[in-house]
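**Q** Below you will find the structure I want to go over with you.
The values are calculated or read from the model by the stated rules, or taken from the named source; none is laboratory data. Being a predicted model, the structure only gives us computed values, none of them experimental. Neighbour counts are summed over all protein chains in view; Cβ atoms, including those assigned to glycine, are modelled from backbone coordinates with ideal geometry.
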Amino acid sequence: MQLDKAPNTAVLINNIEHLYFSGTSYLGVAALPEFHEIIIKNIKNWGSAFGSSRNANVKLSIYNKAEEYLTNFFKTEDCVTVSSGTFAGLLTLSTLENIVASFFYMPKTHPAILPKNALPVFEDNRLHNLLLNTEKETICIVVDAIPALETKPFNFDFLQKISSAKKVILLVDESHSLGVLGENGNGISSKIKINENIEVIRVSSLGKAFGVNGGVIAGSKKLINLIKENPLFIGSAPMNPAFLASFLNAQELYKNQFLKLQENCKYVYKHLKNSKKITISENYPVFYLNDDKIAEFLVSEKIIITSFYYPTSTKKINRIVLNANHTKKQLNLLINSI
């Protein structure tokens, strides 16, 4: 279906209003007039784009200011922003290819962080043999914080079983957890239990929960410096400075929307948690129905959900998405229809 206006919690289709439980605007800020005012104000100051390398002689102060804030937000040593979440993943992989001996991937990993020759972390439900040997080498494990068709993070206990002789870089894509899970929405990576031989680096889109086109990479100063030296980074245009400034200016709005979203999640969970055909968690705004025809049925109820074939899944994903702007009336209509 083609739309002539971006949706919020409802959308017009053939001049008939349908409820909208799709997309990835979890905090719902992209549709809020007060957020638009923040962006317009910043466009007037920073312009609509900044088509220059971050390494050029003329630099904008907003990048350092925002990245300092994000570093504290993530509780990491350093971070850098880029033009998109996908580019954040590809740029990080490009950098890691020069320093790691091999890549391993967890199931359902997003293509943005999936190397071509990566090996599975698990084979026949057991940890890959190459992760158990005592060879001294640097390896990278790539993983989505919240994989497709799931509503909870992976269990990372398997990291404790990897040989301590190995230096492990854990690359986590937080695009669908940032702004939604963790302390004030800072994701799940800071809570992963790691040993001294394990280093976590996270990549994420800022365009989902936070509603601004851009991406971020956060980790150790050493690794972030390597990324900044990558020719792909040097030769690319940065994230839109007006959007980055808007991200900083909208922090109170994000916090308020985060609380509203959590309330909506708990409300829907309370009513649907006992359904065997639904995969749902109390604090996550996405849930799934194991019913191939549910999307068609909900359209007949004037409700739109996400339904498509995802790159990491062999079957169609029927994904129902809550956002902070949904009202109790709208949530009840969804609950009763399901």
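**Q** Exactly one condition in (1) in contact with an Asp or Glu (Cβ under 9 Å, 6 or more places away or on another chain); (2) farther than 19 Å from ASN8 by Cβ; (3) part of a helix (DSSP H, G or I) is not met by LEU333; state its number.
**A** For LEU333, the failing item is (2).
**Q** Run GLY182 past the list (1) within 23 Å of the chain's Cα centre (by Cα); (2) within 13 Å of MET106 (Cβ to Cβ) and report the number of the one that doesn't hold.
**A** (2)
Results for (1) modelled with pLDDT under 95; (2) aliphatic (A, V, I, L, M); (3) over 30 Å from ASN325 (Cβ atoms), shown as yes or no for each residue.
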{"position": "ILE40", "(1), (2), (3)": "no, yes, no"}
{"position": "ASN57", "(1), (2), (3)": "yes, no, yes"}
{"position": "GLU68", "(1), (2), (3)": "no, no, yes"}
{"position": "PRO107", "(1), (2), (3)": "yes, no, yes"}
{"position": "PRO115", "(1), (2), (3)": "yes, no, yes"}
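**Q** Let me ask something additional. When the residues of the range 278-310 are narrowed to those that are closer than 23 Å to GLY28 by Cβ and among the small types (Gly, Ala, Ser), which ends up surrounded by the most Cβ atoms within 10 Å (Cβ to Cβ)?
**A** In this case the residue turns out to be ALA295.
**Q** Also: Do you know which residues across the range 256-277 are buried (at least 18 other Cβ atoms within 10 Å of the Cβ) and more than 15 Å from LEU181 (Cβ to Cβ)?
**A** VAL268
Conditions (1) out of contact with any helix residue (DSSP H, G or I) (no Cβ under 7 Å at 6 or more places or on another chain); (2) small (Gly, Ala, Ser), marked per residue:
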residue: CYS140; (1), (2): no, no
residue: ASN186; (1), (2): no, no
residue: ARG202; (1), (2): no, no
residue: LYS208; (1), (2): yes, no
residue: GLY211; (1), (2): no, yes
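**Q** If you don't mind, another one. Just the residues that are part of a loop (DSSP other than H, G, I, E, B) and closer than 21 Å to LEU32 by Cβ, please, taken from the range 229-252.
**A** Correct list: MET239, ASN240, ALA250.
**Q** Please determine, by comparing only the residues of the range 44-71 that are part of a helix (DSSP H, G or I) and over 25 Å from the mean Cα position of the chain (by Cα), which one is surrounded by the most Cβ atoms within 10 Å (Cβ to Cβ). Give the steps one after another, and end with the answer.
**A** Within the range 44-71, the first condition is being part of a helix (DSSP H, G or I), and the residues that meet it are 44-46, 61-71.
Remaining after also requiring over 25 Å from the mean Cα position of the chain (by Cα): 44-46, 61.
Details: LYS44: 10, ASN45: 10, TRP46: 18, SER61: 9.
Looking at the filtered set, the residue picked out is TRP46.
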